[in-house]
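Okay, structure first, notes after.
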Amino acid sequence: MENTEKQVQYTADLEDISSVKKKVKITVSPEDVNESIELAYERAGATAAISGFRKGTVPRSVLKAKFGEAINGEIATSLIDATYHRALEEMSLTPLGGPEVDIETLNPEQGRPFVYSLNFEVTPRVEVGEYTGLDLGEPQEISVTDLEVDKGIDGIRETNVRFKEVEKNAEDKDMVIIDFTATKKVKR
């Protein structure tokens with residue numbers, strides 16, 4: 001099956017903020033912005049129910065006044081969806097998480113480009129040098145006393161302790177939960 005959908009034209013510029021932080025600025029062509037605006041208003045006009053107008057006959061000025069912000073959001077989303085995955089793929093970049101999107105053109109306009117940036121982190125490139133045959137020196141003997149072993153075991157016990165509810169008198173190192181209500185008696 002052939003993909004007949006038109007590819008949105010854009011330019012993408014990569015800025016290396018650090019070895020792991022990247023910023024990609026994407027600029028969508030004015031022609032594709034115009035087309036996206038037309039499609040968004042056609043869809044809105046076909047489905048908008050505004051008293052005094054039949055569906056499909058609502059003037060653009062009325063649509064813009066009533067739904068302009070939502071339509072602008074739809075246009076921005078469609079342009080970002082149409083470009084951002086392709087731009088990252090073409091640059092061979094894989095974000096570690098969802099990129100932060102910074103939209104510079106909040107209200108797409110006819111004849112003007114749509115500009116936004118993606119900020120994200122990537123896996124650092126690690127170059128492994130020669131490590132075989134390294135002189136590690138002589139092994140050092142380490143001695144551990146029984147007291148140090150006991151302290152280590154006690155520390156592990158305390159971090160992994162689980163409390164269970166019991167009915168008995170409280171003793172040293174028991175965890176106690178007290179539920180009380182304080183009231184003040186007023187003499188009359």
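Coordinate-derived values only; no laboratory data. No experiment lies behind these values; they were computed from the predicted model shown. All Cβ positions, even for glycine, are placed from backbone atoms using ideal geometry, and neighbour counts span all protein chains on display.
May I ask you to derive the relative contact order of the stretch 54-188, considering only C-alpha pairs under 8 Å and at least 6 residues apart, and to give it as an integer percent? That works out to 15 percent.
In terms of surrounding Cβ atoms within a 10 Å radius of their Cβ, Met175, Met91 rank from fewest to most as Met175, Met91. Would any residue of the stretch 73-102 have its amide N under 17 Å from a label point 7 Å out along Cα→Cβ of Glu121? List them or say none. Within reach of a label on Glu121: 94-101.
Net charge of the neighbourhood of Val20, taken over other residues with C-beta under 10 Å away and scored Lys/Arg +1, Asp/Glu -1, is +1.
Spatial offset of the stretch 141-187 relative to the stretch 55-123 amounts to 55 Å, using the alpha carbon center of each. Rounded, prolate or oblate: which one fits the stretch 1-69, using the alpha carbon gyration tensor with axes a ≥ b ≥ c (rounded when a/c is under 1.5, else prolate when a/b beats b/c, else oblate)? Prolate is the answer for the stretch 1-69, as a/c is 1.5 or above and a/b outweighs b/c.
Against the empirical curve 2.2 N^0.38 Å, the C-alpha radius of gyration of the stretch 10-121 lands at a ratio of 1.26.
Could you tell me the calculated FRET efficiency between Ala46 and Ala70, based on Cβ-Cβ distance and R0 = 22 angstrom, to the nearest 0.05?
Computed FRET efficiency for Ala46 and Ala70 comes out at 0.90.
Electrostatic bookkeeping for Ala44 treats Lys and Arg as +1 and Asp and Glu as -1; over the other residues with beta carbon under 13 Å from its beta carbon, the sum is +1. With helices as the sole contributors, the chain gives -11500 deg cm²/dmol at 222 nm; each DSSP H run of n ≥ 4 counts as -39500 (n - 2.57), and the sum is divided by every residue. This ranking places Val8, Val115 by how few other beta-carbon atoms lie within 10 Å of each, fewest first, which gives Val115, Val8.
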